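What follows is calculated from the coordinates using simple rules that are stated; it is not laboratory data. What you see is a predicted model, and the numbers here were worked out from it, not measured in a lab. All Cβ positions, even for glycine, are placed from backbone atoms using ideal geometry, and neighbour counts span all protein chains on display.
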Amino acid sequence: MKKIVYFALIVTLLASCKATKMPTKSVAYKTLYSEKPISILAMPPINRSTKVEAKELFYSSLSVPFTLNGYYVMPPLLSMEILKEESAYDSEMFINGSMIKVGELFGVDAVLFTTIHEWSKTSVASQIRVKIEYLLKSTKTNEILFNRVGQITLQTSVNSGSILVNIVGSMVATALTKEIVVGRSCNIYTISDIPAGKYSPMFMKDGEAKSQPKEFKTVLKNSY
Amino acid sequence: MTKYLLMTALGIIAISCKTTKPLYNWKGYDDAVYAYTKTGDEKSVENLIKIYEKLIKKSGGTRQVPPPGICADYGYIMIKKGENSKGIELLTKETVLYPESKQFVDRILKRLEK
């Protein structure tokens with residue numbers, strides 16, 4: 001039995017130490033630390049998936065993970081209304097342009113672009129997969145402050161081999177197996193790497209923590 | 001033996017998760033706003049309002065204030081319903097809680113005055 005316990009311990013340690021070779025957050029997110037953005041305007045997601053309604057349904061779930069990390073995100077329903085009025089619904093047209101005008105119009109420090117690369121549910125393989133890219137750009141300097149890609153696959157019958165991932169997986173599965181739930185998990189996982197914002201007690205104190213790789217990929221298991 | 005294994009697993013999880021309380025309470029928001037965006041029907045609006053009320057009154061989280069954007073979006077829904085004075089009150093509350101929102105919200109308020 002002891003052997004099994006040790007084995008479980010080692011596996012967990014290995015899993016949690018995977019990122020030892022990664023640079024610290026103060027290196028990986030250098031511009032973010034120097035600019036210290038507080039307010040973020042989320043642009044309507046750019047949808048490259050085949051799921052048409054993904055864009056609007058996903059939009060309002062974006063602010064939660066940023067606020068939990070200490071940032072202020074402009075009210076999503078109100079922002080969407082104004083962005084539509086200003087004919088800024090198609091973020092594709094703005095992503096490569098200057099952010100300075102947007103900053104002046106909305107009074108924000110940064111603009112968030114999200115690209116939904118994949119958003120699918122296949123009943124044959126009984127899996128849901130979302131792949132989302134997050135790009136945060138400064139309205140002061142146009143610099144990229146945060147750029148991460150998250151890919152989450154929810155499978156109903158395969159074991160991921162990691163206790164932690166399995167537990168989160170079963171939470172997701174019991175909630176309801178909708179793509180949106182997987183999308184939300186992708187937000188929480190991927191955005192959790194962002195250095196803490198002004199409203200967090202960790203603000204400017206997490207620079208020595210290791211950053212995560214740019215592409216984040218995981219398979220969750222529906223384990224009940 | 002299973003018991004020990006389970007205990008070890010739970011112990012490790014407890015250590016690695018650090019059990020920090022979140023900054024805000026967002027309970028019920030995701031599903032309510034999802035339903036509102038998807039259907040926009042009377043029932044989803046009423047439910048969303050109920051959640052907004054709850055998040056404002058029972059703020060929870062370590063900061064003990066309503067999460068960012070909640071008061072402003074609630075105000076927007078109220079204005080859409082024709083309840084302008086309550087809407088304006090909520091929008092103003094957002095700017096008090098979060099001064100970062102002032103420029104944006106003031107633009108909306110100015111428009112309402114016209």
Output the pairs from A:LYS25/A:LYS221; A:LYS36/B:LYS38; A:LYS178/A:LYS217 with a Cα-Cα distance over 23 Å in this structure; if there are none, say none.
A:LYS25/A:LYS221; A:LYS36/B:LYS38
Tell me, what HN-Hα J-couplings in whole Hz come from the Karplus equation 6.51 cos²θ - 1.76 cosθ + 1.60 at θ = phi - 60° for each residue of region A:52-64, using x for Gly and Pro?
5, 7, 4, 3, 6, 5, 7, 3, 6, 8, 6, 6, 3
In terms of the ratio Rg/(2.2 N^0.38 Å) built on C-alpha atoms, what value belongs to region A:26-124?
1.16
Quick shape summary for region B:12-114, equivalent ellipsoid via Cα gyration tensor, semi-axes whole Å in descending order, reads 28, 18, 10
Evaluate peptide A:56-68: per residue, the Cβ atoms of other protein chains within 10 Å of its Cβ; return the mean as an integer.
5
Computed E for A:THR141/B:GLU113 - FRET, C-beta separation, R0 30 angstrom, nearest 0.05:
0.30
Lysines within cross-link reach of B:LYS110: Cα-Cα under 25 Å, excluding same-chain residues under 8 positions apart?
A:LYS84, A:LYS101, B:LYS80, B:LYS81, B:LYS86, B:LYS93, B:LYS102
At R0 = 35 Å the Cβ-Cβ FRET efficiency linking A:MET202 and A:LYS178, nearest 0.05, sits at 0.65
Using modelled backbone amide H atoms (1.01 Å from N, in-plane), which distant-in-sequence or interchain residues come within less than 5 Å of A:ILE46's amide H?
A:THR114, A:THR115, A:ILE116
